[in-house]
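The block underneath contains the structure these notes are about, expressed in C-alpha coordinates.
The values are calculated or read from the model by the stated rules, or taken from the named source; none is laboratory data. Predicted model only: the values in this text are computed from it and were never measured. Quick reminder, even Gly has a Cβ in these numbers, built from the backbone with ideal geometry, and neighbours come from all protein chains shown. In case anyone asks, the SASA skips ligands and DNA or RNA and just uses the protein heavy atoms, side chains included. Shrake-Rupley method; radii C 1.70, N 1.55, O 1.52, S 1.80 Å.
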Amino acid sequence: MLRTLNLIPLRVIPYSDRNSILSAYSRELGRVSFVVPAGAGREARRRRALLMPMCPVVCVADVVPGKEVLHMRDPQPCPPMQLVVSDPLRASMAMFLSEVLLHVLRQSEGEPALFDFVRNAAVRLNSPDVAVGNFHIVFLCRLLVFLGIAPDVASYRPGMLFDMADAVFRVSAPMHGRYLTADETAAAAALGRMTWENMHLYKYTRAQRARVLDGLLEYLSLHHVGLSGLKSLDVMRDLFD
(Lines give C-alpha, C1' and ligand atoms only; values in the text may rest on other atoms or scores of the structure.)
Protein backbone atom coordinates (compact mmCIF):
# COMPACT_ATOMS: atom_id res chain seq x y z
CA MET A 1 0.00 0.00 0.00
CA LEU A 2 1.37 3.40 -0.94
CA ARG A 3 1.47 5.92 1.90
CA THR A 4 2.82 9.43 2.25
CA LEU A 5 5.31 9.56 5.11
CA ASN A 6 6.92 12.47 6.91
CA LEU A 7 10.45 11.48 7.91
CA ILE A 8 13.39 12.60 10.01
CA PRO A 9 16.48 10.82 8.59
CA LEU A 10 18.78 9.54 11.35
CA ARG A 11 21.48 7.43 9.72
CA VAL A 12 22.46 5.84 6.41
CA ILE A 13 24.73 2.78 6.52
CA PRO A 14 26.19 0.75 3.62
CA TYR A 15 24.41 -2.50 2.80
CA SER A 16 25.90 -3.55 -0.53
CA ASP A 17 27.71 -2.05 -3.49
CA ARG A 18 24.39 -0.89 -4.89
CA ASN A 19 22.29 -0.05 -1.82
CA SER A 20 22.39 1.48 1.63
CA ILE A 21 19.91 1.34 4.52
CA LEU A 22 18.34 4.50 5.87
CA SER A 23 17.09 4.54 9.46
CA ALA A 24 14.49 7.24 10.02
CA TYR A 25 11.73 8.35 12.37
CA SER A 26 8.32 8.91 10.79
CA ARG A 27 5.28 10.74 12.03
CA GLU A 28 2.98 7.99 10.79
CA LEU A 29 4.82 4.73 11.62
CA GLY A 30 7.56 5.56 14.12
CA ARG A 31 10.96 3.98 13.42
CA VAL A 32 11.27 2.83 9.82
CA SER A 33 14.05 1.60 7.51
CA PHE A 34 14.43 2.12 3.76
CA VAL A 35 16.67 0.74 1.06
CA VAL A 36 18.26 3.63 -0.84
CA PRO A 37 20.69 3.66 -3.77
CA ALA A 38 24.42 3.80 -3.02
CA GLY A 39 27.32 4.45 -5.33
CA ALA A 40 28.35 7.48 -7.35
CA GLY A 41 25.37 7.81 -9.70
CA ARG A 42 23.22 10.93 -9.98
CA GLU A 43 20.28 9.42 -8.09
CA ALA A 44 22.50 8.13 -5.30
CA ARG A 45 24.13 11.54 -4.86
CA ARG A 46 20.75 13.26 -4.83
CA ARG A 47 19.40 10.88 -2.20
CA ARG A 48 22.45 11.34 0.01
CA ALA A 49 22.04 15.12 -0.14
CA LEU A 50 18.36 14.80 0.80
CA LEU A 51 18.76 12.25 3.58
CA MET A 52 21.29 13.97 5.82
CA PRO A 53 20.64 13.53 9.58
CA MET A 54 17.87 15.74 11.01
CA CYS A 55 16.84 17.07 7.57
CA PRO A 56 13.06 16.45 7.29
CA VAL A 57 11.71 14.93 4.09
CA VAL A 58 8.34 13.77 2.81
CA CYS A 59 8.09 10.73 0.55
CA VAL A 60 5.75 8.07 -0.77
CA ALA A 61 6.51 4.62 0.63
CA ASP A 62 5.37 1.18 -0.39
CA VAL A 63 4.24 -0.12 3.04
CA VAL A 64 3.82 -3.88 3.17
CA PRO A 65 2.65 -5.45 6.48
CA GLY A 66 5.47 -7.47 8.02
CA LYS A 67 8.13 -6.03 5.73
CA GLU A 68 10.90 -4.42 7.76
CA VAL A 69 12.77 -2.55 5.00
CA LEU A 70 10.66 -0.30 2.79
CA HIS A 71 11.14 1.38 -0.58
CA MET A 72 10.59 5.12 -0.97
CA ARG A 73 9.51 7.16 -3.94
CA ASP A 74 10.06 10.82 -4.76
CA PRO A 75 11.62 12.08 -1.47
CA GLN A 76 11.40 15.85 -1.15
CA PRO A 77 12.94 18.21 1.44
CA CYS A 78 10.37 19.65 3.81
CA PRO A 79 11.63 22.33 4.30
CA PRO A 80 15.05 22.72 2.60
CA MET A 81 17.86 22.57 5.18
CA GLN A 82 20.79 24.26 3.48
CA LEU A 83 22.35 25.65 6.67
CA VAL A 84 22.37 22.32 8.53
CA VAL A 85 24.00 20.66 5.53
CA SER A 86 26.60 23.37 4.80
CA ASP A 87 27.56 24.64 8.28
CA PRO A 88 29.99 22.22 9.99
CA LEU A 89 28.87 23.32 13.47
CA ARG A 90 25.18 22.70 12.81
CA ALA A 91 25.92 19.52 10.88
CA SER A 92 27.84 18.19 13.89
CA MET A 93 24.95 19.15 16.16
CA ALA A 94 22.49 17.35 13.85
CA MET A 95 24.73 14.27 13.82
CA PHE A 96 24.79 14.15 17.62
CA LEU A 97 21.02 14.62 18.00
CA SER A 98 20.30 11.96 15.40
CA GLU A 99 22.63 9.51 17.15
CA VAL A 100 20.81 10.07 20.46
CA LEU A 101 17.48 9.52 18.72
CA LEU A 102 18.77 6.29 17.13
CA HIS A 103 19.24 4.91 20.64
CA VAL A 104 16.14 6.41 22.26
CA LEU A 105 13.65 5.58 19.49
CA ARG A 106 14.77 2.00 18.80
CA GLN A 107 11.35 0.42 19.29
CA SER A 108 9.20 3.51 19.05
CA GLU A 109 5.80 3.51 17.40
CA GLY A 110 4.41 6.56 15.64
CA GLU A 111 3.99 9.47 18.08
CA PRO A 112 2.95 12.61 16.18
CA ALA A 113 3.71 14.97 19.07
CA LEU A 114 7.24 13.60 19.46
CA PHE A 115 7.81 13.73 15.70
CA ASP A 116 6.60 17.33 15.58
CA PHE A 117 8.98 18.24 18.42
CA VAL A 118 11.96 16.70 16.60
CA ARG A 119 10.99 18.25 13.27
CA ASN A 120 10.48 21.70 14.79
CA ALA A 121 13.86 21.41 16.51
CA ALA A 122 15.47 20.54 13.18
CA VAL A 123 13.86 23.54 11.49
CA ARG A 124 15.02 25.77 14.34
CA LEU A 125 18.57 24.41 14.01
CA ASN A 126 18.49 25.54 10.37
CA SER A 127 17.70 29.15 11.30
CA PRO A 128 20.64 31.58 11.09
CA ASP A 129 19.09 33.57 13.95
CA VAL A 130 19.46 30.68 16.41
CA ALA A 131 22.67 30.37 18.43
CA VAL A 132 23.49 26.71 18.82
CA GLY A 133 25.84 26.62 21.83
CA ASN A 134 23.14 25.25 24.15
CA PHE A 135 20.90 23.79 21.47
CA HIS A 136 21.62 20.14 22.35
CA ILE A 137 20.99 20.83 26.04
CA VAL A 138 17.53 22.27 25.42
CA PHE A 139 16.77 19.42 23.01
CA LEU A 140 17.66 16.77 25.59
CA CYS A 141 15.73 18.53 28.37
CA ARG A 142 12.60 18.74 26.18
CA LEU A 143 13.10 15.14 25.06
CA LEU A 144 12.89 14.01 28.70
CA VAL A 145 9.40 15.50 28.84
CA PHE A 146 8.21 13.51 25.82
CA LEU A 147 9.72 10.35 27.27
CA GLY A 148 7.87 10.90 30.56
CA ILE A 149 11.01 11.05 32.70
CA ALA A 150 11.53 14.79 33.23
CA PRO A 151 12.18 15.69 36.90
CA ASP A 152 9.60 17.82 38.71
CA VAL A 153 11.70 20.94 39.09
CA ALA A 154 8.80 22.73 40.80
CA SER A 155 9.53 20.63 43.90
CA TYR A 156 13.11 21.92 44.15
CA ARG A 157 14.14 24.12 47.08
CA PRO A 158 17.60 25.65 47.62
CA GLY A 159 19.96 23.26 49.36
CA MET A 160 18.24 20.10 48.10
CA LEU A 161 20.06 17.24 46.36
CA PHE A 162 18.82 15.56 43.20
CA ASP A 163 18.49 11.78 43.45
CA MET A 164 19.37 10.65 39.93
CA ALA A 165 18.15 7.07 40.48
CA ASP A 166 14.73 7.91 41.93
CA ALA A 167 14.35 11.18 39.96
CA VAL A 168 13.37 13.26 42.99
CA PHE A 169 14.81 16.19 44.94
CA ARG A 170 15.80 15.28 48.51
CA VAL A 171 16.82 17.22 51.61
CA SER A 172 19.51 14.64 52.41
CA ALA A 173 21.74 12.32 50.41
CA PRO A 174 20.32 8.89 49.48
CA MET A 175 22.18 5.72 50.46
CA HIS A 176 23.31 5.08 46.89
CA GLY A 177 25.83 7.32 45.10
CA ARG A 178 23.63 8.41 42.19
CA TYR A 179 22.92 11.97 43.27
CA LEU A 180 24.06 15.51 42.52
CA THR A 181 25.69 17.92 44.95
CA ALA A 182 23.73 20.95 46.12
CA ASP A 183 25.44 23.20 43.55
CA GLU A 184 24.92 20.67 40.77
CA THR A 185 21.29 20.26 41.81
CA ALA A 186 20.72 24.02 41.64
CA ALA A 187 22.18 24.03 38.14
CA ALA A 188 20.02 21.04 37.15
CA ALA A 189 16.88 22.76 38.44
CA ALA A 190 17.77 25.83 36.39
CA LEU A 191 17.72 23.67 33.26
CA GLY A 192 13.98 23.32 33.75
CA ARG A 193 13.66 27.02 32.94
CA MET A 194 15.80 26.86 29.79
CA THR A 195 13.89 27.27 26.54
CA TRP A 196 14.72 27.78 22.87
CA GLU A 197 14.06 31.48 23.40
CA ASN A 198 16.28 32.06 26.44
CA MET A 199 19.01 29.42 25.97
CA HIS A 200 21.48 32.08 24.82
CA LEU A 201 21.31 33.62 28.30
CA TYR A 202 22.83 30.52 29.92
CA LYS A 203 26.57 31.16 29.89
CA TYR A 204 28.67 28.03 30.34
CA THR A 205 32.37 27.36 30.03
CA ARG A 206 33.33 24.39 27.86
CA ALA A 207 33.86 22.29 31.00
CA GLN A 208 30.50 23.31 32.49
CA ARG A 209 28.65 22.59 29.27
CA ALA A 210 30.33 19.18 29.02
CA ARG A 211 29.33 18.39 32.63
CA VAL A 212 25.71 19.38 31.93
CA LEU A 213 25.68 17.21 28.83
CA ASP A 214 27.21 14.23 30.63
CA GLY A 215 24.66 14.58 33.44
CA LEU A 216 21.73 14.63 31.02
CA LEU A 217 23.01 11.57 29.17
CA GLU A 218 23.62 9.73 32.45
CA TYR A 219 20.09 10.49 33.61
CA LEU A 220 18.62 9.40 30.28
CA SER A 221 20.64 6.18 30.46
CA LEU A 222 19.40 5.47 33.98
CA HIS A 223 15.73 5.86 33.15
CA HIS A 224 15.30 4.99 29.49
CA VAL A 225 18.10 3.47 27.42
CA GLY A 226 21.86 3.18 27.64
CA LEU A 227 23.76 5.81 25.68
CA SER A 228 27.30 4.55 26.06
CA GLY A 229 29.45 4.62 22.95
CA LEU A 230 27.96 7.68 21.25
CA LYS A 231 30.47 8.31 18.48
CA SER A 232 29.66 12.02 18.20
CA LEU A 233 29.88 12.78 21.94
CA ASP A 234 33.56 13.78 21.97
CA VAL A 235 32.92 16.14 19.07
CA MET A 236 30.11 17.82 21.00
CA ARG A 237 32.31 18.27 24.07
CA ASP A 238 34.94 20.09 21.99
CA LEU A 239 32.72 22.26 19.78
CA PHE A 240 32.09 25.25 22.02
CA ASP A 241 34.30 27.47 24.13
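If you keep only loop residues by DSSP, which trypsin sites (Lys or Arg not before Pro) in the stretch 1-110 have at most 16 other Cβ atoms within 10 Å of their Cβ? Qualifying residues, ordered by number: Arg18, Lys67, Arg106.
Taking every DSSP helix (H) stretch of at least 4 residues in the chain, weighting each as -39,500 (n - 2.57) and dividing the sum by the residue count yields a mean residue ellipticity at 222 nm of -11500 deg cm²/dmol. With unit charges on the beta carbons (Lys and Arg positive, Asp and Glu negative) and the dipole taken about the Cα centre of the stretch 184-227, which residue among Ala186, His224, Tyr202 sits farthest to the positive side? Final value for the positive-end residue is Tyr202.
Per residue, the accessible area of the stretch 107-217 comes to 51 Å² when a 1.4 Å probe rolls over the protein heavy atoms.
Mean sequence separation of contacting Cα pairs (under 8 Å, at least six apart), scaled by the length of the stretch 1-77, corresponds to a relative contact order of 34 percent. You can think of it this way: the chain between Ser155 and Arg3 has 50.2 nm of extra reach, that is 0.36 nm per residue less the Cα-Cα gap. Equivalent-ellipsoid semi-axes for the chain (Cα gyration tensor, √(5λ), whole Å, largest first): 35, 19, 15. Between Met160, Met95, Met175, the GNM of the chain built on Cα springs shorter than 10 angstrom shows Met175 fluctuating the most. Within the stretch 74-106, name every residue whose backbone N is under 12 Å away from a label modeled 7 Å from Cα of Ser221 along the Cβ vector. Under 12 Å, as judged by backbone N against the label point of Ser221, lies no residue of the stretch 74-106. Placing +1 on the Cβ of every Lys and Arg and -1 on the Cβ of every Asp and Glu, with no other charges, gives the chain a dipole of roughly 540 debye about its Cα centre. Loop-located GluC sites (Glu not before Pro) in the stretch 165-219 (DSSP state not H, G, I, E or B) with no more than 12 neighbouring Cβ atoms inside 10 Å: Glu197. For the stretch 1-106, GluC sites (Glu not before Pro) meeting the loop criterion (DSSP other than H, G, I, E, B) and having at most 16 other Cβ atoms within 10 Å: Glu28, Glu68.
Per-atom-type breakdown for the stretch 170-241 gives carbon and sulfur 55% of the accessible area (1.4 Å probe, protein chains only).
Relative to the longest principal axis of the Cα atoms of the chain, the long axis of helix 206-223 makes an angle of roughly 80 degrees.
Taking Thr185, Thr195, Thr205 as the candidate residues, the one with maximal mean-square fluctuation in a Gaussian network model of the chain, Cα springs under 10 Å, is Thr205.
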